[in-house]
Amino acid sequence: MTTVVFRVDGAGPYAEVVRSKLPFSSLEHGTVWVRSPLKPEVDLNEHLVWLWGMLKHERRVLKSAVVAGAKLTCECKVSKGAVRLLPNSAEMLHLLGAELILNTK
């Protein structure tokens, strides 16, 4: 069982601009959230590839948010056991400079 959420924390007044550019996003208490809509049965790699598909076209917006003081985080909840990241999913983390947090259930 896997869930994945991408967060943009601390973007201040720029948070609404970020939210408006990201499909499937919401703004809650100053944090922009992009939650993967894929089913929990889908493996982590597929969630991350889907997320990268949503975020890659807005890299400039996300980089501008970071310059404005935002922190980018990808938080994943995964079942206990081996976690496998393929290059096509890890690319997002590297190119955005996002922190990855893995929590096991």
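The values are calculated or read from the model by the stated rules, or taken from the named source; none is laboratory data. What you see is a predicted model, and the numbers here were worked out from it, not measured in a lab. Neighbour counts run over all protein chains shown; Cβ positions are idealised from the backbone, glycine included.
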Which one is farthest from the chain's Cα centre (by Cα), of the residues in the stretch 1-53 that are under 16 Å from Ala98 (Cα atoms) and basic (Lys, Arg)? Arg35
Answer with yes or no whether Met54 is surrounded by 14 or more Cβ atoms within 10 Å (Cβ to Cβ), in contact with a Pro (Cβ under 6 Å, 6 or more places away or on another chain) and part of a helix (DSSP H, G or I). yes
Within the stretch 57-74, residues within 18 Å of Ser36 (Cα to Cα) and surrounded by 15 or more Cβ atoms within 10 Å (Cβ to Cβ) come out as Glu58, Leu62, Leu72, Thr73, Cys74
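Test of understanding: among Val4, Val18, which residue is among the aliphatic types (A, V, I, L, M), crowded, with 16+ Cβ neighbours inside 10 Å, outside any strand (DSSP E or B) and in contact with a helix residue (DSSP H, G or I) (Cβ under 8 Å, 6 or more places away or on another chain)?
On inspection, the qualifying residue turns out to be Val18.
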Looking at the stretch 82-100, which of the residues that are surrounded by fewer than 12 Cβ atoms within 10 Å (Cβ to Cβ) and in contact (Cβ under 8 Å) with a residue 12 or more places away in the chain is nearest to the chain's Cα centre (by Cα)? Gly97
Which numbered condition in (1) out of contact with any helix residue (DSSP H, G or I) (no Cβ under 7 Å at 6 or more places or on another chain); (2) modelled with pLDDT under 95; (3) of a type outside the set (Gly, Ala, Ser) is the only one that Val78 fails? (1)
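Give me a count of the residues in the stretch 55-81 that are closer than 24 Å to Val18 by Cβ and either free of Cβ contacts under 8 Å to residues at least 60 places away in the same chain or touching a Cys at 6+ places or on another chain (Cβ under 9 Å) (or both). Walk me through how you get there before you give the answer.
So the first thing to find is which residues in the stretch 55-81 are closer than 24 Å to Val18 by Cβ, and the list is 55-77.
Still in the running and either free of Cβ contacts under 8 Å to residues at least 60 places away in the same chain or touching a Cys at 6+ places or on another chain (Cβ under 9 Å) (or both): 55-69.
Within the stretch 55-81, residues that are closer than 24 Å to Val18 by Cβ and either free of Cβ contacts under 8 Å to residues at least 60 places away in the same chain or touching a Cys at 6+ places or on another chain (Cβ under 9 Å) (or both) number 15.
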For Ser25, only one of the following conditions fails: (1) under 20 Å from Lys105 (Cβ atoms); (2) without any contact (Cβ under 8 Å) to a residue 24 or more places away in the chain. What is its number? (1)
